[in-house]
Amino acid sequence: MSVQSFQSRDGLQIAYQKWGETPLPVVLHHGFTADADANWVATGVVDALLASGHQVIAPDARGHGRSEKPHDPSFYGEDRMAGDIAVLLDVIDAPQIDLVGFSMGAIVSLIFASTDERVRRLVIGGVGSGVIECGGVDRRAVSNDAIIEALTVDDPSSLEVVPAAAAFRQLADALKGDREALVAQARSVYRGEIALGDISAPTLLLAGDTDPLAIRPQVLADAIPNGTLEMLSGNHIEVLGDPRFTQSIVDFLA
């Protein structure tokens, strides 16, 4: 494994990890407050893909992990992160990739796949009808205001916050995240239509059966021309631990 970085279109240093060497890399994009290690290494996804003969590339999104973390909200939003994926592919000279994104990373991946033809196969998780009905991540079960409150309060145990918002704070603290940078992303979350009908890549949607951020996932799967849905067990965090999550990714990209 090697850790490298590139400069984004707006001058930020974006870090990424790289494992293996094959002509068709799998690019993994993590969720909000997480990083590549938390979403993909610790869950066994990277090891499973390597065992199946894939090259794996996992960036840390701006504001997360090893990447640069400005506190200005104008540097954030999933559309800017999709632009970072485009630059990454230019840097590694990849004419085609398989792309996997979870939660925030799923929005990034959908935006990218709807505008760039370099995606051979697409896997998204942790999202549902909110992509269409909210224009991005589902803000009905947990609002951006609740997330911002959870990230900014000095003592989260003293405040009654929405459980899903509290989980983001717990993860940010566990990973020693830059909470000001995470708040900047929360203030700039993508709110717009994604041209799902323009996604030509066969797409697998993985959704937890009790995930409040992935409700009615069939609505989303039906809106993607070559979309299929697989239901798994668990909420937004637990679904990553369902063994079928990793195996489904490996099988779909085989």
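The values are calculated or read from the model by the stated rules, or taken from the named source; none is laboratory data. From a predicted model like this one, the values you see are computed outputs, not experimental measurements. Glycine also receives a Cβ, built like all others from the backbone with ideal geometry; neighbour counts cover every protein chain displayed. Surface areas here come from the heavy atoms of the whole protein model, side chains and all, with no ligands, DNA or RNA. Shrake-Rupley method; radii C 1.70, N 1.55, O 1.52, S 1.80 Å.
Looking only at residues of the range 222-254 that are touching a Lys or Arg at 6+ places or on another chain (Cβ under 9 Å) and open to solvent by less than 40 Å² (accessible area, probe 1.4 Å), we find that the one that is nearest to Val127 (Cα to Cα) is Leu232. Within the range 29-57, residues that are under 18 Å from Val127 (Cβ atoms) and open to solvent by 20 Å² or more (accessible area, probe 1.4 Å) reach partners that are assigned to a helix (DSSP H, G or I) and β-branched (Val, Ile, Thr) with beta carbons closer than 7 Å, at six or more positions or on different chains, in the pairs Thr43/Thr246. Among residues of the range 75-100 that are closer than 11 Å to Ser188 by Cα, those with a Cβ under 8 angstrom from a residue that is among the acidic types (Asp, Glu) and open to solvent by 10 Å² or more (accessible area, probe 1.4 Å), sequence gap 6+ or separate chain, pair up as Phe75/Asp10; Arg80/Asp10. Quick one: count up the residues across the range 209-221 that are loosely packed, with under 15 Cβ neighbours inside 10 Å and either in a helix (DSSP H, G or I) or touching a strand residue (DSSP E or B) at 6+ places or on another chain (Cβ under 7 Å) (or both). So the count comes out to 2.
Take the conditions (1) more than 13 Å from the chain's Cα centre (by Cα); (2) closer than 20 Å to Gln55 by Cα; (3) open to solvent by less than 10 Å² (accessible area, probe 1.4 Å); (4) not small (Gly, Ala, Ser); Ile124 misses just one of them, which is (1). Annotation: Leu206 fulfils all but one of (1) closer than 19 Å to Leu110 by Cβ; (2) part of a loop (DSSP other than H, G, I, E, B); the unmet one is (2). One residue stands out in the range 143-159 among those that are outside any helix (DSSP H, G or I) and modelled with pLDDT of 85 or more: the one that is farthest from Leu196 (Cα to Cα), namely Asp154. For Glu193, state whether it is out of contact with any strand residue (DSSP E or B) (no Cβ under 8 Å at 6 or more places or on another chain), of a type in the set (Asp, Glu) and without any contact (Cβ under 8 Å) to a residue 24 or more places away in the chain. Taking the combined requirement at face value, the residue does not satisfy it. Taking (1) over 22 Å from Leu171 (Cα atoms); (2) basic (Lys, Arg); (3) out of contact with any strand residue (DSSP E or B) (no Cβ under 8 Å at 6 or more places or on another chain) in turn, Lys18 satisfies each apart from (3). Restricting Arg179, Arg140, Arg169 to those that are at pLDDT 95 or above and within 29 Å of Phe112 (Cβ to Cβ) reduces the list to Arg179.
Of all residues in the range 160-190, those satisfying the criterion of being without any contact (Cβ under 8 Å) to a residue 24 or more places away in the chain, part of a loop (DSSP other than H, G, I, E, B), of a type outside the set (Lys, Arg) and open to solvent by 50 Å² or more (accessible area, probe 1.4 Å) are Glu160, Val162.
Strands (runs of 3 or more DSSP E) fully within the range 1-98 that include at least 3 residues being closer than 27 Å to Gln247 by Cβ and within 14 Å of the chain's Cα centre (by Cα): 25-29, 55-59.
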